[in-house]
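Single-structure report; data block below.
The values are calculated or read from the model by the stated rules, or taken from the named source; none is laboratory data. Just so it is clear, the structure is predicted and the values come from calculations on it, not from any experiment. In this analysis, Cβ positions are derived from the backbone assuming ideal geometry, glycine residues included, and neighbour counts consider all displayed protein chains. What goes into the accessible areas is simple: the full protein's heavy atoms, side chains included, and nothing from ligands, DNA or RNA. Shrake-Rupley method; radii C 1.70, N 1.55, O 1.52, S 1.80 Å.
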Amino acid sequence: MDDQGRRKLGILAGVGLAGGLLPGITLGPETMDVALSVLAATIVLVVLTQVIYIGPSARVPLPALLAFGLAGFVQDALIWWLLSWLGPKISELRVDGLATILLAALITRATLLLLSQLSPAAETAED
């Protein structure tokens, strides 16, 4: 899987984890509403993180990873803040409170960075 695929998978996993773990995020009452809310949040996050790309495209040392993580956390927090306003207009997604926005951003960015740093042995052997 290439870097873009790992990033998209990281965002999908992060949105799913944030939606499932945080009580301040409501995805909807029905299974289809939950799926549409996760899909809508994932699409918004994927598009905006592709437009403004913050993150390593390969394995990096820990100080660089922390810098990328901090900048990406700010980006994700702003996107989750946008989703708190946009979510009810496009799906059943509700994001309540600043603490929920910050925790959702932390979960999303941590998952994205974790998956971006996991690479198959074949890719590391080529470097």
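Take the alpha-carbon centre of region 38-59, take the same for region 1-23, and report the distance between them in whole Å.
Rounded to whole Å, the Cα centres lie 10 Å apart.
Expected output is a single nm value to one decimal: the length gained when fully extending between residue 62 and residue 17, i.e. 0.36 nm times separation in residues minus the C-alpha distance. What is it?
Values: separation 45, 0.36 × 45 = 16.20 nm, distance 2.42 nm.
So the chain would gain 13.8 nm between residue 62 and residue 17.
Using Cα pairs closer than 8 Å and at least 6 residues apart in sequence, work out the relative contact order for region 1-72, in percent.
Numbers: 32 pairs, mean separation 19.4, N = 72.
Across region 1-72, relative contact order equals 27 percent.
Rounded to the nearest 500, what is the 222 nm mean residue ellipticity of the chain from helices alone, with -39500 (n - 2.57) per DSSP H run of 4+ residues and division by all residues?
Working: 5 runs with 95 residues, N = 127.
About -25500 deg cm²/dmol.
Taking all protein chains in place and a 1.4 Å probe, what share, in percent, of the accessible surface of region 14-127 do carbon and sulfur account for? Could you put the intermediate results ahead of the total?
Working: 4630 of 6250 Å².
C and S atoms contribute 74 percent here.
So what is the accessible area of the chain per residue, in Å², with the probe set to 1.4 Å?
Values: 6900 Å² over 127 residues.
Accessible area per residue, the chain: 54 Å².
Calculate one ³J(HN,Hα) per residue across region 55-68 by plugging θ = phi - 60° into the Karplus curve 6.51 cos²θ - 1.76 cosθ + 1.60, and present them in order as whole Hz with x for glycine and proline.
Here the 3J(HN,Hα) series is x, x, 9, 7, 5, 10, x, 4, x, 5, 5, 5, 5, 4 Hz.
Could you give the nm distance between label points at residue 117 and residue 32, where each point is 7 Å from its Cα heading toward the beta carbon?
With each label placed 7 Å out from Cα toward Cβ, I get 4.1 nm.
Can you list the HN-Hα couplings for region 9-15, worked out from phi with the Karplus curve (6.51, -1.76, 1.60; θ = phi - 60°), rounded to whole Hz and with x for Gly and Pro?
Rounded to whole hertz, the list is 5, x, 5, 4, 5, x, 5.
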